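The block underneath contains the structure these notes are about, expressed in structure tokens.
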Amino acid sequence: MTDIQAFGTRLISNLEKVIVGKRPTIETIVVGLLCQGHVLIEDVPGVGKTVLARSLAKSLGCSFNRLQFTPDMLPSDVTGVSIFDQSKRVFEFRPGPIFAQIVLVDEINRATPKTQAALLESMEEKQVTVDGITHVLPSPFMVLATQNPIEYEGTFPLPEAQLDRFLLRVRLGYPNPADEIEILDRQQLRHPIETLESVIAVEELRTVMEEIKKIYVSKAIKRYLVDLVNRTRQSSDVYLGASPRGSLALFRTGQAVAALAGRDYVLPDDIKSLAIPVLAHRVIVGPAARLRELSAEKIVEEILENLPVPGGDYQPS
């Protein structure tokens, strides 16, 4: 697992040349990348959501496209369209911007539900169907979406099916004063992203993604994470709990966290460290709990505190 740990350190260090003081968030997004999942970056304007997504794309030797979602955007603006070629007398498919290995969807909640739905097939099945013909997306494929949670005018909340397709939801938050001064110093002459170089080759990334799947997960850990997900469904404060996709997400992210720490086996702390980013956006809080201003994050946090950690040996025999 040393190679994966070195891989993660190299990528995270490169991202920190642009994003200051947010190492935990950067590590979480790298976990999402290694798990071949999609990440929703949700926070207030101006904290670096788009810059973080662009920095990740530049750090990888992958193709990159950016989609700026607006209310007048159509599904064909995402997936592509078939155009009739008069010279050949046939319809030819013109791929949309979704046909890239890293896709940045900026302000995803500004598009209408119809346009948002254009992402459902591509995010889950890594393919796009237009006019009855299926087109396979490039590999690896990752959607990095951003949204501002406080702007409700002119926005369309993401439906549960869309949220559930995001492996992780992360927030950046405001920098502390020392980090903010560092940001001013770095950007005095030019933005550091302008000189950011690729440090990861596509083939190396694919290899690491496959190696992650080999990390050992004991039966005790599997029971622990399934119990954790089940408690989100049984809580009286929850209207709708996490789906089995949430269990799979916890399983895979636990493997990635262990590998980045240099281990070939998963510990309970690996599951706990990402339980909130993995599960909170999949939980719908009940009406009574919302009146008490109880958030999904708080519910998951309380479940973690009350769920006993399993004992035993977590290493492969």
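For the chain, a Gaussian network of Cα nodes joined below 10 Å ranks PRO244, PRO95, PRO268 by mean-square fluctuation, and the top entry is PRO244. Bridgeable lysines around LYS222 (alpha carbons under 25 Å apart, same-chain partners fewer than 8 residues away excluded): LYS213, LYS214, LYS272, LYS298. What percentage of all Cα-Cα pairs in the chain are separated by more than 29 Å? Roughly 41 percent, once rounded to a whole number. Treating r as the C-beta distance of VAL309 and ALA161 and R0 as 30 Å, the FRET efficiency rounds to 0.40.
Across the range 170-267 the C-alpha pair distances fall into 5 Å bins from zero in the proportions 2, 10, 12, 12, 13, 12, 13, 12, 9, 4, 1 percent. Computed over the chain, the per-residue total of -39500 (n - 2.57) for DSSP H runs of n ≥ 4 gives a 222 nm mean residue ellipticity of -12500 deg cm²/dmol, rounded to 500.
Phi angles across the range 39-44 convert, under the Karplus curve 6.51 cos²θ - 1.76 cosθ + 1.60 with θ = phi - 60°, into 3J(HN,Hα) values of 10, 9, 9, 10, 5, 5 Hz, Gly and Pro given as x.
Here LEU240 and SER87 are evaluated by their C-beta separation; at R0 = 45 Å the FRET efficiency comes out at 0.30.
Computed over the chain with a Gaussian network model linking Cα atoms closer than 10 Å, the most mobile of VAL103, VAL226, VAL130 is VAL130.
Read-outs: derived from the displayed coordinates by stated rules, not from any lab. Fair warning: this is a prediction, and the values are worked out from it, not measured in the lab. We place every Cβ from the backbone using ideal geometry, glycine too, and count neighbours over all the protein chains shown.
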